[in-house]
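The values are calculated or read from the model by the stated rules, or taken from the named source; none is laboratory data. None of these values were measured; they are calculated from a predicted model. Note: ideal-geometry Cβ built from the backbone for every residue, glycine included; neighbour counts use all protein chains shown.
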Amino acid sequence: MKSTMSFYGVLVRQVRGFLVVCAALCLVLVSVAGCSVTFLGDTSQTSGPAPFPSISGTALNADQRALLTVLEAEYAKQPPGTTYSQGVDEPWCADFVSWVYNSVGLPFDNPNSGSWRIPGVFTLEDYFRSAHMFHSPDAGFTPQLGDVVLYDSTTSKVWGGHTNIVLSVDSGQLTTIGGNQPGGITITTYALTDPELGIRGYGRRIP
């Protein structure tokens, strides 16, 4: 009897050890897959049940109002990223930006394929530069609703290589909306001059 109890005691300890290892492995896999609640830094963000910010359309032009309507609708729906990437399973921040602009009749022109969809941040910057729509953040440029923010892959401690869309600039605070952010399509607010943002520049598709 004593031998049998000893056997079961060892077995229980082995099972517990196995479960601990499995739990640790799951945490590692979640981190590697990019499913954590933040990217490279802490984000001041709202998502899910949080309301879309109230933005007055009085000073906006027709294209900005159309863009705002689409952004609010997509934020409410929270569809999967493949909705914006034509079914391709990939990081979809640039896909989201491309899709939004295409949906309001202001398509991009991928310099490699000619498609409205630009899936990469670097290619998105190439497009804006070639079309003379790229603006440096240190050239006295003031972002406006609809401007596309491009983040540097090496200097941005918040996003890394990433892109999203300006919703507002108010009292030195930059509010943006983007896809493939923690939580799906989320809204973030930072100090415009925060050096950890690592803003590479802005693309202005709407004059």
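Each residue in the stretch 60-115 was checked for being among the hydroxyl-bearing types (Ser, Thr, Tyr), under 18 Å from the mean Cα position of the chain (by Cα) and closer than 22 Å to Pro207 by Cα, and 2 pass. The residues of the stretch 57-103 that are outside any helix (DSSP H, G or I) and touching a Phe, Trp or Tyr at 6+ places or on another chain (Cβ under 6 Å), listed by number, are Tyr84, Ser85, Trp92.
If only residues of the stretch 160-180 that are at positive phi and in contact (Cβ under 8 Å) with a residue 40 or more places away in the chain are counted, the one that is nearest to the chain's Cα centre (by Cα) is Asn180. Looking at Val32, Val20, Val70, Val15, just one residue is at pLDDT 95 or above and among the aliphatic types (A, V, I, L, M), and that residue is Val70. For the stretch 133-158, which residues satisfy the criterion of being at pLDDT 95 or above and of a type in the set (D, E, K, R)? Within the stretch 133-158, Asp147, Asp152, Lys157 meet the criteria. Among the residues of the stretch 159-207, the one identified as modelled with pLDDT under 95, touching a strand residue (DSSP E or B) at 6+ places or on another chain (Cβ under 8 Å) and farther than 27 Å from Arg65 by Cβ is Pro182. Here Ile118 clears all of (1) of a type in the set (Val, Ile, Thr); (2) over 23 Å from Pro207 (Cβ atoms); (3) touching a Phe, Trp or Tyr at 6+ places or on another chain (Cβ under 7 Å) except the condition numbered (2). Count of the stretch 156-171 residues, restricted to those that are in contact with a Ser or Thr (Cβ under 8 Å, 6 or more places away or on another chain), among the small types (Gly, Ala, Ser) and closer than 16 Å to Pro53 by Cβ, is 1. Of all the numbered requirements in (1) surrounded by fewer than 18 Cβ atoms within 10 Å (Cβ to Cβ); (2) outside any loop (DSSP other than H, G, I, E, B); (3) among the acidic types (Asp, Glu), Asp138 misses one, and that requirement is (2).
Residues of the stretch 181-200 that are within 18 Å of Asp147 (Cα to Cα) and in contact (Cβ under 8 Å) with a residue 60 or more places away in the chain: Gln181, Ile185, Thr186, Ile187, Thr188, Thr189, Tyr190, Ile199, Arg200.
Checked against (1) at pLDDT below 90; (2) outside any helix (DSSP H, G or I), Ser3 meets all criteria but (2). Residues that are free of Cβ contacts under 8 Å to residues at least 60 places away in the same chain, surrounded by 18 or more Cβ atoms within 10 Å (Cβ to Cβ) and of a type outside the set (Val, Ile, Thr): does the stretch 128-135 have at least one? Scanning the stretch 128-135 turns up no residue that is free of Cβ contacts under 8 Å to residues at least 60 places away in the same chain, surrounded by 18 or more Cβ atoms within 10 Å (Cβ to Cβ) and of a type outside the set (Val, Ile, Thr). Assessment of the stretch 184-192 against the conditions (assigned to a loop (DSSP other than H, G, I, E, B), closer than 20 Å to Ser54 by Cα and either of a type in the set (A, V, I, L, M) or touching a Pro at 6+ places or on another chain (Cβ under 8 Å) (or both)) yields at least one matching residue.
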